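The values are calculated or read from the model by the stated rules, or taken from the named source; none is laboratory data. Every value quoted in this text rests on a predicted model; they were computed, and no experiment measured them. Cβ: placed from backbone, ideal geometry, glycine included. Neighbour counts: every protein chain shown. Surface accessibility is based on the protein's heavy atoms, side chains included, excluding ligands, DNA and RNA. Shrake-Rupley method; radii C 1.70, N 1.55, O 1.52, S 1.80 Å.
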Amino acid sequence: MTADQDKSIKSLVEQRIPGKSLDAAFYTSDDIFKLDMREIFGRHWIFVAVEPEVAEPGDALVVNVGLSSVILVRDDNGDIRAFHNVCRHRGARMIPEGATMIGNIVCPYHSWTYGLDGKLKFYEHMGAEFKPGCNSLKPVALRSIGGLLFICLSDNPPTDIDDMARVMEPYLAPHNLREARIAHQADLIEEGNWKLTMENNRECYHCGPNHPELTIPLFAYGFGFSPTELDEQGRAEAQRYTDLVDASCSRWEGAGVPSREVDELTGRPTGFRTQRLPIDQSGESYTMDTRAACRIPVGAVQDKALGALSFWTQPNSWHHFMGDHIITFTALPLSANRTLVRTTWLVHKDAVEGVDYDLERLTEVWKATNQQDADLVAIAQQGAEDPAYEPGFYSPYTEGLVEKFAAWYIERLKDSLA
Amino acid sequence: MTADQDKSIKSLVEQRIPGKSLDAAFYTSDDIFKLDMREIFGRHWIFVAVEPEVAEPGDALVVNVGLSSVILVRDDNGDIRAFHNVCRHRGARMIPEGATMIGNIVCPYHSWTYGLDGKLKFYEHMGAEFKPGCNSLKPVALRSIGGLLFICLSDNPPTDIDDMARVMEPYLAPHNLREARIAHQADLIEEGNWKLTMENNRECYHCGPNHPELTIPLFAYGFGFSPTELDEQGRAEAQRYTDLVDASCSRWEGAGVPSREVDELTGRPTGFRTQRLPIDQSGESYTMDTRAACRIPVGAVQDKALGALSFWTQPNSWHHFMGDHIITFTALPLSANRTLVRTTWLVHKDAVEGVDYDLERLTEVWKATNQQDADLVAIAQQGAEDPAYEPGFYSPYTEGLVEKFAAWYIERLKDSLA
Amino acid sequence: MTADQDKSIKSLVEQRIPGKSLDAAFYTSDDIFKLDMREIFGRHWIFVAVEPEVAEPGDALVVNVGLSSVILVRDDNGDIRAFHNVCRHRGARMIPEGATMIGNIVCPYHSWTYGLDGKLKFYEHMGAEFKPGCNSLKPVALRSIGGLLFICLSDNPPTDIDDMARVMEPYLAPHNLREARIAHQADLIEEGNWKLTMENNRECYHCGPNHPELTIPLFAYGFGFSPTELDEQGRAEAQRYTDLVDASCSRWEGAGVPSREVDELTGRPTGFRTQRLPIDQSGESYTMDTRAACRIPVGAVQDKALGALSFWTQPNSWHHFMGDHIITFTALPLSANRTLVRTTWLVHKDAVEGVDYDLERLTEVWKATNQQDADLVAIAQQGAEDPAYEPGFYSPYTEGLVEKFAAWYIERLKDSLA
């Protein structure tokens, strides 16, 4: 980036008005996309996978984050390791994206072979002066929080991941993600900037008009409303919802299941938020009838009406933990106007498809919802690219988490550009 | 655009040699394409549609011009309004490209709803401080000239559209475009810069070798020739053609049908030219046998041998009005090397397909001609991208209107960059 | 390119460490790609075709090199001429890529017509002041070396092509390429920078793990090895190979067939290298059983066990001349991360497919090898684009020619940027 470009981005960052959507350039500029990949995705903790994707020693998973490719592999000690998927000889990408099983990491180009500890074990023809010890695979920082795998591509990862781990482990523990099994995984490309994907995820103002399936388990008042716009009946319904949230939370916490809201979205590199919220009707699951999709509970808790523990992280993930299954989502930027959203459905490891659960029933709400969200992100991107676009006001009642996301993003850029 | 880029474009503009094709950068550079979209398509009157596309109250048409999207809609008073297709909340594109019918303009994202006057009529959750009056849709300047719809994306549209309207209304009135019906519309993407599309349209030097269908109704001498290159027979034919033009013009004007050439292509923002020219053989229409394709005249004139009134505008349109049908063309840039050409065929509103006209016969000459032109524009673009390209001389006899287009374009850039 | 970009590239060129792969930007940057096209492909001798592709007067071949398009045509005197494929009028590309037969060069746009000497012979409507003599087609420098056609797009082509011609004509003469016939030609797009295509071609360190077909005719020790890594048996095999090379070379040279290594890869604009090496088993050809694929020898030499004369040029070609057939390869950059590799198989002009040779058998080794190489180039490109890439050491024993290619490239850029 030239000095000119740098100055122009700094000035956009400084000019951002709290409470309004970002300047168009943050959604459309290739230069800002490169900055995002370097400063946001290159220096923060990124959710990329779950432990069950590398369940056994030798299980490997290659995840691409922008132009970076990372190998996650479980070694013979049962530890998960992460390395850059770049051979130290001529730089070839060694393993293609996706899951595989390996004994060593072998580059197909000239057969350089690395152990699962990243050390160069085999090579030929390099001469006496070549130092294999200086040619280990480059490690990537990795943390598992309750079985959710976060990586950081920087050599100096933010240390506040420790806070997030300390807070979240007790929330996630009852759901037993580490022992779960992947029932399904789906990739969807949204035709929009990753920040529009995230903003869309951070509000349910759009749910009523757009998500006929998701609004079955979700409560209408669950994600904010303007109290002054309610009539008497609306006020009564809203109050009933608030009472239900309080009562449910007390009941779950009393049963040793952490549920209270924690909001650490801004003011720190590793922004996150969690809260367990009731589900409508039966209270069990994000399904078309709100009943559990899987007969075997995924975690250790017997209460089927466990609502959904949601866990949101910045910059790129969200997760829902219910009594019968778990859904995780990661948003991975592809370009200034394209984002991959990967959704993973997990059930108890002993659950058998067709016996304990029907895959269609398990996945139909979020498959529909994801596609609807992708359509919304696409029209938001088209609008941001229109010269007539200008930042508009977020709703103070229903888009508070969108504002927190935007504020966090601007904070992080300020910090990086300082 | 950086100061360096700006300076380099200014210098290309200054160096342009009259009488020669433009420097390659004007056809190939992404920076100049952005400049064209901002200064030419962003500040001039652009032909985009015809009134019959929004014939009734509630009829809406979304037209995209570069990254801008514009809603044209006929309101309940019968007036046509134009708005930017960008919600004032989060900026979403509200209506997809093409035709639809609407009562209000509703954003699908969060259901913000605007009246056909652009005013925000419905929204939720925005709080007491939100001012709906400051969140109307942004209007787009719109003019109908004889039923041809021109928009200007600038807040300060060129006022010389009034001159064009005053001159052209009497020419267009006899053809009754406002009451016509769309028989067919076809989009074609030309693999070339929009200026190559326009240059190609502004000469018929290429017609002989390339347009076997179009040269049936067109006269060989109709678009310029070098008088010194003619033999005795050629001179006689050319003279006969000149005499025919004069006689036809006198006859048509005598019958109250304006026909004389008006050329206002340069020296002004809103460049245009018109002239009614005879058609070969029967003199009636641009068809394979020159006979009318539609039994019902489109306008009020009884003379079937009305030739074709052509109307050319800068930067982006051309139109042919015949006794039996009307054809309009708009060129809409997609990128430095791609241009959409949209062709619309119109007939009398009471004409019935299969009874009064055969669609194939109505459209075959220009469908073939458009594809031939697209092929020529593609090879012109390939040539302009070749490092060996250099500006060549335009023919002083057959490419005078190409020169006028290029001169107008350079004038407009000079004005913008001043 | 701005002054800033220029400075940043100069600094990358200066910092290059001999013995290591290039900085990532040389494989990935669009700016450096443009520089490569201007300074490397725009100012050096590029192999593009063989004489049999324009065997007879009127035979024409259009080859695209980057954005440049060049017409090669054999005129009525039997001489091959090369011209830029850009009309001098409006710049149109006159003839599409590929082979054709022509009497004149006619631009389809306005029928301007040039003779096979490039002179403008026919045009209309240009007026008295137009000078046809100033509007000849622009010539392109052309040299045939043993029937291999090299062009240079610069007006000042490197004169050291004379050295290459003087050295190589005697080596190529016995193979009689000028009289050969094209049996097959195949284009393959490699998803990598052209320099990765070239680097891959300049070493066989990757052959063992990747080329099961090619390693049948090739000797395992034929392209370098680390002597200290061999056990006793390995040392004996390597020695037998060295003795075979010496003995074969003496035998061939004794029979008047030039075979000794010449290496002029660095220190000059027109880098090249040649050597005739034995083939394993029968010693005859690059086939699955090492036996000749064609019954009729392509050249004048009776010895069937002629091994393969290889001829490598910089920046973009390699060739193998065997007793029974000839294979030529040219690498033509398409973008920073895409390269076209065109392979041509030639046999004796009297050889009849299905009688004297089987096409599948003739082409199978290199078709398989090319695809394998394309796969390797793709993973090398992916790695170079990864932020974790850093230049790695080339093997001093097996990647010496890769180092020479990289050194030549850096030399040439230094020379251009000086």
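Would you mind listing the strands (runs of 3 or more DSSP E) fully within region C:66-155 where at least 1 residues are within 9 Å of chain B (Cβ to nearest Cβ) and free of Cβ contacts under 8 Å to residues at least 40 places away in the same chain?
Counting at least 1 such residues, we get C:68-74.
Does at least one position in region B:83-105 carry a residue that is of a type in the set (Gly, Ala, Ser) and on the phi > 0 side of the Ramachandran plot?
Yes: one or more hits.
Being assigned to a helix (DSSP H, G or I), within 14 Å of chain C (Cβ to nearest Cβ) and either of a type outside the set (D, E, K, R) or in contact with a helix residue (DSSP H, G or I) (Cβ under 6 Å, 6 or more places away or on another chain) (or both) is the filter here, so list the residues in region A:1-17 that pass it.
A:3, A:5
Name the residues in region C:1-24 that are surrounded by 15 or more Cβ atoms within 10 Å (Cβ to Cβ) and under 22 Å from residue A:4 (Cα atoms), would you?
C:5, C:8, C:9, C:12
Quick check on my filter: what residues within region A:48-70 are open to solvent by less than 10 Å² (accessible area, probe 1.4 Å), within 18 Å of the chain's Cα centre (by Cα) and aliphatic (A, V, I, L, M)?
Within region A:48-70, A:48, A:49, A:50, A:54, A:62, A:63, A:65, A:70 qualify.
Just one of C:404, C:349, C:367 is within 28 Å of residue A:127 (Cα to Cα), among the basic types (Lys, Arg) and touching a residue at least 12 places away in the same chain (Cβ under 8 Å); which is it?
C:404
Tell me, which residue of region B:221-236 that is open to solvent by 70 Å² or more (accessible area, probe 1.4 Å) and more than 12 Å from residue C:125 (Cβ to Cβ) is nearest to the other protein chains (Cβ to nearest Cβ)?
Going through the qualifying residues, I end up with B:231.
Yes or no: region A:363-379 includes at least one residue that is within 30 Å of residue B:141 (Cα to Cα), within 14 Å of chain B (Cβ to nearest Cβ), open to solvent by 10 Å² or more (accessible area, probe 1.4 Å) and polar (S, T, N, Q).
no
Would you point out the residue of region B:269-300, among those that are charged (D, E, K, R) and under 30 Å from residue B:410 (Cα atoms), that is most open to solvent (accessible area, probe 1.4 Å)?
For region B:269-300, the residue satisfying everything is B:273.
Does region A:145-163 include one or more residues that are open to solvent by 10 Å² or more (accessible area, probe 1.4 Å) and touching a helix residue (DSSP H, G or I) at 6+ places or on another chain (Cβ under 9 Å)?
no
Can you work out which of the residues in region C:220-267 that are among the β-branched types (Val, Ile, Thr) and part of a helix (DSSP H, G or I) is nearest to the chain's Cα centre (by Cα)?
In this case the residue turns out to be C:245.
One line per residue, one yes/no per condition, for (1) open to solvent by less than 50 Å² (accessible area, probe 1.4 Å); (2) free of Cβ contacts under 8 Å to residues at least 60 places away in the same chain; (3) more than 14 Å from chain B (Cβ to nearest Cβ):
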position: C:26; (1), (2), (3): yes, no, yes
position: C:32; (1), (2), (3): yes, no, yes
position: C:39; (1), (2), (3): yes, no, no
position: C:43; (1), (2), (3): no, no, no
position: C:46; (1), (2), (3): yes, no, no
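Could you grab the pairs with beta carbons closer than 6 Å, sequence gap of 6+ or different chains, first residue in region C:264-293 and over 14 Å from residue C:307 (Cα atoms), second one crowded, with 18+ Cβ neighbours inside 10 Å and among the polar types (S, T, N, Q)?
Hits for this filter: C:271/C:314; C:272/C:313.
Out of region C:321-342, which residues are open to solvent by 10 Å² or more (accessible area, probe 1.4 Å) and within 15 Å of residue C:185 (Cβ to Cβ)?
C:340, C:342
Can you find a residue that is among the polar types (S, T, N, Q) and open to solvent by less than 10 Å² (accessible area, probe 1.4 Å) anywhere in region A:410-418?
no
Tally time: how many residues in region A:287-306 are basic (Lys, Arg) and in a strand (DSSP E or B)?
0
Determine the pairs where a residue that is within 14 Å of another protein chain (Cβ to nearest Cβ) and outside any helix (DSSP H, G or I), located within region C:174-199, has a partner that is open to solvent by 50 Å² or more (accessible area, probe 1.4 Å) and among the polar types (S, T, N, Q) with Cβ atoms under 9 Å apart, the partner being 6 or more residues away or on another chain.
Qualifying pairs under 9 Å: C:191/C:337; C:191/C:382; C:192/C:337; C:192/C:382; C:193/C:337.
Hey, does region B:319-330 have a residue that's within 29 Å of residue B:356 (Cβ to Cβ) and of a type in the set (Asp, Glu)?
Yes.
Search region C:387-404 for residues being more than 24 Å from residue C:229 (Cβ to Cβ) and surrounded by fewer than 24 Cβ atoms within 10 Å (Cβ to Cβ), and hand back the single one that is nearest to the other protein chains (Cβ to nearest Cβ).
Here the residue is C:388.
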